[in-house]
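Notes for the one structure printed next.
The values are calculated or read from the model by the stated rules, or taken from the named source; none is laboratory data. None of these values were measured; they are calculated from a predicted model. Cβ placement follows ideal geometry from the backbone for every residue including glycine, while neighbour counts extend to all protein chains displayed.
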2 protein chains.
Amino acid sequence: MSDFSADGHPAASLDPVAADAVVARARFAADGLLPAIIQSVDDDAVLMLGYMNAEALRRTLTEGRVTFWSRSRGEYWRKGDTSGHIQLVRELALDCDADALLVRVHQVGPACHTGARRCFDVDPVIVSETEAPA
Amino acid sequence: MSDFSADGHPAASLDPVAADAVVARARFAADGLLPAIIQSVDDDAVLMLGYMNAEALRRTLTEGRVTFWSRSRGEYWRKGDTSGHIQLVRELALDCDADALLVRVHQVGPACHTGARRCFDVDPVIVSETEAPA
């Protein structure tokens, strides 16, 4: 595991052999994609959900920067290459049946293309009115 | 929006008309499913990723308890009916293009069928070694 710095924050990555082992273990859906939950390591906010194919996962693991497969554009999408709003990998886990990914990142700027901090800020359906009782 | 209590914690739900409007707005994938990220409202941990079809989403919204569509079993799966490890809805949001759901819940007991608190505790790939520098 190696660290590099950007924006004063470390990102974590794997060497190519270790990354390939993770890609081999992941269970991609019939369409070749794995859903990836992106969570802020700074305040635990869930920022967005994206999708990775095997190569996007491999790049994410080896570069320490999140790369998705864009279903709408049909191309690799390294988050922030256009906007500057990059996602630096800090922690990453597969779930219990290896068909979903949790990526904890340091997010530079807003995560959502709308300019909202989180993609889930845009369309709230049920909003908590009060804190839970102890 | 109405509240009910279980385990001393409120859950939030919508009336059937409001729930139907949300179901109509959601963009289910070609397989009829919407990915739902389940996050603890108590400590912001991401617990699991599940899938809902339209009816599972409608039930979740009206009952205030999370119901998934089980892809492996091909049936509705109201979380906790067998294990007791229910998920009470506290907050819910669609994302910016309405094709993913974030459900913030009070989780009773562990979320994962392995007994782990989170499905993402089982297979860590990259673990943060240190806190980010200020």
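Numbers below:
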{"quantity": "Residue count for the range A:95-105, restricted to those that are facing chain B (nearest Cβ under 8 Å) and closer than 18 Å to residue A:62 by Cβ", "calculated": "1"}
{"quantity": "The lone exception for residue A:38 - which of (1) more than 9 Å from chain B (Cβ to nearest Cβ); (2) assigned to a loop (DSSP other than H, G, I, E, B); (3) touching a residue at least 40 places away in the same chain (Cβ under 8 Å) it fails", "calculated": "(2)"}
{"quantity": "Residue within the range B:84-94 that is closer than 16 Å to residue B:32 by Cα, crowded, with 22+ Cβ neighbours inside 10 Å and more than 7 Å from chain A (Cβ to nearest Cβ) present", "calculated": "no"}
{"quantity": "Any chance residue A:101 is modelled with pLDDT of 95 or more and in contact with a Gly (Cβ under 7 Å, 6 or more places away or on another chain)", "calculated": "no"}
{"quantity": "Residue B:44, sole failed condition from (1) crowded, with 17+ Cβ neighbours inside 10 Å; (2) more than 10 Å from the chain's Cα centre (by Cα); (3) within 19 Å of residue B:11 (Cα to Cα)", "calculated": "(1)"}
{"quantity": "Answer residue from the range A:97-111, given it is surrounded by fewer than 19 Cβ atoms within 10 Å (Cβ to Cβ) and among the hydrophobic types (A, V, I, L, M, F, W, C) and is farthest from residue A:12 (Cα to Cα) among those", "calculated": "A:98"}
